[in-house]
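Take a look at the structure set out below.
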Ligand code: UDP
Ligand code: MG
């Protein structure tokens, strides 16, 4: 075990202009804590001088670690790499654009020292987001709380502190499509939430545009629920029942009033019925695909905080010459 107490993971994609300012505020917040600390910068294939900017930083009381990706792999991958390489007993993930104020780190550390294993930082408002983005994220959270197997806390981003036990548990989830918000929620542990005021981006613009966010949401939904696959089974059932009902109405109509347009009603009823049958078929396939999908993620079946297993009391200590540890 290393003696680093706190690691700060910073995913960076084209953040050169603000790097120095970010580092100033970070060190000013962390240095007074008197911890052995390191910052793990993950350069996510930046096309500007981010790497040079990081290498110019003065480590001061901390240490600067750098992981340089060969290309842009995305924020989720950058966070994963940072967590894999962080050695601290606690790890904090923070954005490099100063939207996450480093000044609340001491409060996060205080909670951690009191035994909290996950400290979430919840943004007070979404003022810094466009109305469309705020609306869509609201929609996403509502949808996810209905559909997902885990509850994703609202307005909580990647800014958080994780205890070593949580980081280790997380490193056992190696699925390729990493929807970190979901994985964090899945893992559990004793959690506290503190609020912070999200600031305007210090420089540059957000790297997440409409399509990227939409894809992000689809990633989240497909990673944490197979409801979309199962849906077709129910739609198919409903459609088939409707078709059967309609068939009866046509038959009745033909018997009572005669058939005015020969062929037409029966064809519609038949087409609807067959459409329904096909959807049921797709739904059944979906069910199996969903199950296979869940299996290939190889998620652990459970996560243990700490197992305290004692020797049975009738095994007398020292009787067979062995010390019990
Ligand atoms: N980021 C990254 N890889 C990417 C996109 C973003 O490492 O492909 C980093 C970025 O440098 C920043 C953080 O992730 O530190 C958040 O990105 P951004 O501010 O663009 O997102 P937003 O705050 O709008 O959600
Ligand atoms: Mg940002």
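None of the figures in this text is laboratory data; all of them are computed from the coordinates on show. On a predicted model such as this, the values are computed, not experimentally measured, just so you know. FYI the Cβ positions are ideal-geometry reconstructions off the backbone, even for glycines, and counts take in every protein chain you see.
The table below lists the values:
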read-out	value
Simple label model, 7 Å out from Cα along Cβ direction - residue 314 to residue 230, nm	4.5
On Cα atoms only, tilt of 75-85 relative to the major axis of the chain in degrees	40
Inter-centroid distance (Cα atoms) of region 6-81 relative to region 143-171, Å	22
Cβ-based exposure ranking for 261, 4, in which fewest neighbours within 10 Å come first	261, 4
Computed [θ] at 222 nm, helices only, for the chain once each DSSP H run of length n ≥ 4 contributes -39500 (n - 2.57)	-15000 deg cm²/dmol
More than 18 angstrom apart: percent of Cα pairs within region 1-130	53
Nearest 10 degrees, 0 to 90: helix 131-147 Cα axis against the chain principal axis	70
Residue order, fewest to most surrounding Cβ atoms within 10 angstrom, among 192, 103, 117	103, 192, 117
Intensity falloff of the chain expressed as log10 I(q)/I(0), Debye formula with alpha-carbon point scatterers, at q = 0.07, 0.10 Å⁻¹	-0.43, -0.70
Cα-based helix-to-principal-axis angle, 227-257 vs the chain, degrees rounded to 10	10
Estimated translational D of region 130-186 in µm²/s (Stokes, Kirkwood radius over Cα pairs; 20 °C; 1.002 mPa s)	168
Label point distance in nm, residue 55-residue 135, each placed 7 Å from Cα along Cα→Cβ	4.7
Cβ-Cβ FRET estimate between residue 298 and residue 252, R0 fixed at 51 Å, reported to 0.05	0.40
Stokes-Einstein D in µm²/s, Kirkwood radius over Cα pairs - region 80-151 at 4 °C with 1.567 mPa s viscosity	86
DSSP-defined beta bridges in the chain - what % are antiparallel, rounded to 5	25
Most mobile listed residue (213, 139, 252) in the chain, GNM with C-alpha springs under 10 Å	252
Simple spin-label estimate for residue 219 and residue 175 in nanometres, 7 Å along Cα-Cβ	1.3
Rg to Rh quotient for region 77-232, alpha carbon positions, Kirkwood Rh	0.95
Taking 58, 155, 163, 219 and counting other C-beta atoms within 10 Å, the order from fewest to most	58, 219, 155, 163
